[in-house]
Amino acid sequence: MARILVTGGAGYIGSHACKALAAAGHEPIVYDNLVYGHEDNVKWGPFEQGDIRDADRLDMVFARHKPELVMHFAALAYVGESVTDPAKYYDTNVGGSICLLDAMRRAGCDKIIFSSTCATYGEPDSLPMTEATPQVPVNPYGTTKLIIEHAMRDYARAYDLRWVAFRYFNAAGCDPDGELGERHDPETHVIPLAIQAALDDDGDQRFRVMGTDYPTPDGTCLRDYIHVSDLADAHVRGIDYLLGGGASSAFNLATGVPTSVRQIVDAVEKATGRSVPTDYAPRRAGDPSSLYAVADMARNVLGWTPRYIDIDETVATAACWFAGQNATVVPAPSAATHVDSIASMASKLQAQAEETAQ
């Protein structure tokens, strides 16, 4: 068993990673300022409230728990906000990460798994993307993540830091067991927005499709949606890799399967048994038509393969969780279809989980 300090461990991806860590026999120590995280997500180890920019607090936590490795999720991650308020992103994502790296040095902790992003690539010239795709970010969010990748390389040369950077694509889905979900405020992710629109009987929420004239099969953007449980599994494998002496490296985490916005709407309607009230708007400036990748390095080096390839199954895990949270929803005329489809998928997912555990 290893003690792992998980910054941002009360957030969406971080909390799923903590559950996977505990299942693998590790002890996650969550460090989170709860600005975007939720304390009720902390279920598998100690909780330390604090900010990654607080050097004294970090020193105290390192001294108390003596973690063998850091898993660093804590960051600001709204692309649009990073454009309108870049100072905030450089302060937290860059300044905070450097503060964390320096705290690790003082504590003698020399291993880190860093939550990077496909946004470091920007708009690629060719698809699918690989780890060799040039990193030319087009927004401050992507730039701040790339800066920390560079910083880790420099710290590795100077201070013997060993690191893994996971560049993941569109995180999606929810814990198949229903213990954890996706809670953002504001919510900007496609799948939760479509589900919330489907489950809203008042008709106040409508799903917006930004652009229907892209050069794609159905005219909407194509993206690579990777299930959050698969992301968590990769992080556990990253720990085994670093503790086993693996060399510092960056890995894409992706399915290699492009999915369109219209396909997301179809999957949500299938999972919920309800229509998704939809508005159509012009393209959003800066949105590439297609982004998807291969994750051959993660498969070959870490032995990682995503379990959730079918977008219907990924969406169903999210629909199950949101339906459970939305206790005030009064079923529409198609209630039987709605309940039966979600219950059926939940049962299927549970059976899959039990089969995997055997």
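Observations on the structure shown:
- Residues in the chain average 42 Å² of solvent-accessible surface per residue, probe 1.4 Å, ligands and nucleic acids excluded.
- Solvent-accessible surface (1.4 Å probe) assigned to Trp44 amounts to roughly 60 Å².
- Between 0 and 90 degrees, the angle of helix 190-199 with respect to the longest Cα principal axis of the chain falls at about 40 degrees.
- Global form of the range 181-265, assessed from the alpha-carbon gyration tensor, a/c cut-off 1.5: oblate
- Proximal lysines to Lys270, defined as alpha-carbon separation beneath 30 angstrom and excluding residues fewer than eight positions away on the same chain: Lys19, Lys348
- Other residues within the sphere of radius under 12 Å centred on the Cβ of Phe166, judged by their own Cβ, net out at -1 (K and R +1, D and E -1).
- Counting only alpha carbon atoms, the long axis of helix 55-65 and the longest principal axis of the chain meet at about 90°.
- Between the amide H of Asp201 and those of Val330, distances stay under 5 Å, these residues lying 5 or more places away or on another chain, with hydrogens modeled in the peptide plane.
- Carbon plus sulfur fraction of accessible area for the range 194-316, probe 1.4 Å, in percent: 46
- Within the range 207-327, DSSP assigns beta bridges of which about 35% are antiparallel (rounded to the nearest 5).
- Share, in percent, of DSSP beta bridges within the chain that are antiparallel, nearest 5: 5
- Greater than 23 Å apart at Cα, pairs in Lys111/Lys145; Lys43/Lys145; Lys88/Lys111: Lys43/Lys145; Lys88/Lys111
- By accessible area, using a 1.4 Å probe on protein heavy atoms only, the range 102-167 has 49% of its surface on carbon and sulfur.
- C-alpha long axis of helix 335-357 to longest principal axis of the chain, angle in °: 30
The values are calculated or read from the model by the stated rules, or taken from the named source; none is laboratory data. What you see is a predicted model, and the numbers here were worked out from it, not measured in a lab. Don't worry about glycine lacking a Cβ; one is built from the backbone with ideal geometry, like all the others, and counts go over all protein chains shown. Please note that ligands, DNA and RNA were not included when accessible areas were found on the heavy atoms of the full protein model with its side chains. Shrake-Rupley method; radii C 1.70, N 1.55, O 1.52, S 1.80 Å.
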